[in-house]
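J.: Supplied in structure tokens, the structure appears directly below.
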Amino acid sequence: MALLDDHVREEVKRELAGLPGAVKLLVFTQEFECDYCAETRSLAEELSELSDRIEVEVHDLLGSKAVAEVYGIDKIPAIVVLGEGDRDYGIRFFGVPAGYEFSSLLEAIKMAASGDSGLSPEAKEALAGLKNPVHIQVFVTLTCPYCPMAVQLAHRCAVESELVRADMIEASEFPHLANRHGVYAVPKVVMNERVSFEGALPEKAFVDYLLAAGS
């Protein structure tokens, strides 16, 4: 059964019309699909039906272990969003990007297709000075209206800097991670396992935390 109804499909089709570059969605699942694995795969496949610029490649986490290691995939369901020429911008989704996070997936596709982060000139200049890798984990729930702001900003930073990787993590699907990082409210952003904050911050404050994590 389709996850997207006809009305949503038409809206998404219009939003994805004219993508400037090709996008590949690598979906990681397993033979006996986990909770939300089937939904995640189906969602990606439905999006590929709505744009001829979107390709979906499905991988079994264990059967494609080498591929999973290349992209740092250690849990499922997962989606890696690649741009033109399979360029990896560091955009990751762990857990089904449904609910409010569906908009984050659409934005990630558009960013990967264009290669443009959409950040302000000031933020771009600041990230150009980043010296060390930063791994951003944004913990969300699918009913949180503020979470996409944090996820999309993290993904914009990943597109802008090759030193940044940004993961959306659906907290209820990965409770062990949520517990480890003390996720009691969302969005909760964790950078390099040592810098963290709650809430959807403005761009400058978010980048300041990122630079601190990379210092």
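Derivation of every value follows stated rules applied to the coordinates shown; laboratory data play no part. Just so it is clear, the structure is predicted and the values come from calculations on it, not from any experiment. Positions of Cβ are backbone-derived with ideal geometry, glycine not excepted, and every protein chain shown enters the neighbour counts.
J.: Run the quick spin-label model on LYS204 and ALA2: label points 7 Å from Cα toward the beta carbon, then report their separation in nm to one decimal.
T.: A separation of 4.6 nm, rounded to one decimal place.
J.: Grab the other residues whose beta carbon is less than 12 angstrom from that of ALA44, score K and R as +1, D and E as -1, and report the net. Mind dumping the intermediate values first?
T.: Numbers: positive: LYS24, ARG41; negative: GLU39, GLU45, GLU46, GLU49, GLU55, GLU57.
Residues close to ALA44 contribute a combined charge of -4.
J.: Related question: For a 18 Å ceiling on Cα separation, which of these pairs sit above it: LYS124/LYS188; LYS13/LYS110; LYS24/LYS124? Walk me through the numbers before you get to the answer.
T.: Values: LYS124/LYS188 23 Å; LYS13/LYS110 12 Å; LYS24/LYS124 25 Å.
Table pairs above 18 Å Cα-Cα are LYS124/LYS188; LYS24/LYS124.
J.: I would also like to ask the following. Can you compute log10 of I(q)/I(0) for region 1-59 with the Debye formula, treating each Cα as one identical point scatterer, at q = 0.12, 0.21, 0.29 Å⁻¹?
T.: Results for region 1-59 at q = 0.12, 0.21, 0.29 Å⁻¹ read -0.31, -0.83, -1.19.
J.: Take every DSSP beta bridge with both residues inside the chain and express the antiparallel ones as a percent of the total, to the nearest 5. The partial results should precede the final answer.
T.: Working: 18 of 36 bridges.
Here the share of antiparallel DSSP bridges comes out near 50 percent.
J.: Once Lys and Arg get +1 and Asp and Glu get -1 on their Cβ, which of ALA113, GLY95, ILE76 lies farthest toward the positive end of the dipole of region 6-114?
T.: Farthest towards the positive end: ALA113.
J.: If one computes P(r) from the Cα atoms of the chain, what percent of pairs lie at distances over 22 Å?
T.: Numbers: 10770 of 23005 pairs.
When all Cα pairs of the chain are counted, 47 percent exceed 22 Å.
J.: Let me test this: with uniform point scatterers at the alpha carbons of region 121-213, what is the Debye-based log₁₀ I(q)/I(0) at q = 0.25 1/Å?
T.: -1.31
J.: Calculate, in nm to one decimal, what ALA185 and GLU55 gain on full extension: separation in residues at 0.36 nm each, minus their alpha carbon distance.
T.: Working: separation 130, 0.36 × 130 = 46.80 nm, distance 3.46 nm.
So the chain would gain 43.3 nm between ALA185 and GLU55.
J.: By per-residue mean of other Cβ atoms within 10 Å, what is the highest-first order of 196-204, 78-86?
T.: Values: 196-204: 14.8, 78-86: 19.7.
For the peptides 196-204, 78-86, the packing ranking is 78-86, 196-204.
J.: Kindly point out, ordered by number, any Cys in the chain whose beta-carbon has no other cysteine beta-carbon under 4.7 Å away.
T.: Isolated Cys, the chain: CYS157.
J.: Just need the relative contact order of the chain here, percent rounded to a whole number, with Cα pairs under 8 Å and 6+ apart. Walk me through the numbers on the way to the answer.
T.: Details: 398 pairs, mean separation 40.3, N = 215.
Reported as a whole number, the value is 19 percent.
J.: For region 6-114, what is the per residue volume of the convex hull drawn over the alpha-carbon atoms, in cubic angstrom?
T.: Values: hull volume 10.1 nm³, N = 109.
Normalising the Cα hull of region 6-114 by residue number yields 93 Å³.
J.: Now for a separate question. Among THR141, HIS176, VAL189, whose Cα lies farthest out toward the positive end of the dipole of region 121-213, if unit charges sit on the beta carbon of Lys, Arg (+1) and Asp, Glu (-1)?
T.: Comparing the listed Cα positions along the dipole, HIS176 ranks first.
J.: In nm, give the distance between the simple-model label positions of THR143 and SER114, each being 7 Å from the Cα along the Cα-to-Cβ direction.
T.: Distance between label points: 3.3 nm.
J.: With +1 on the Cβ of every Lys and Arg and -1 on the Cβ of every Asp and Glu, and nothing else charged, how large is the dipole of region 1-145 about its Cα centre, in debye rounded to the nearest 20?
T.: Details: 13 positive and 26 negative charges, 104 e Å.
Here the size comes out at about 500 debye.
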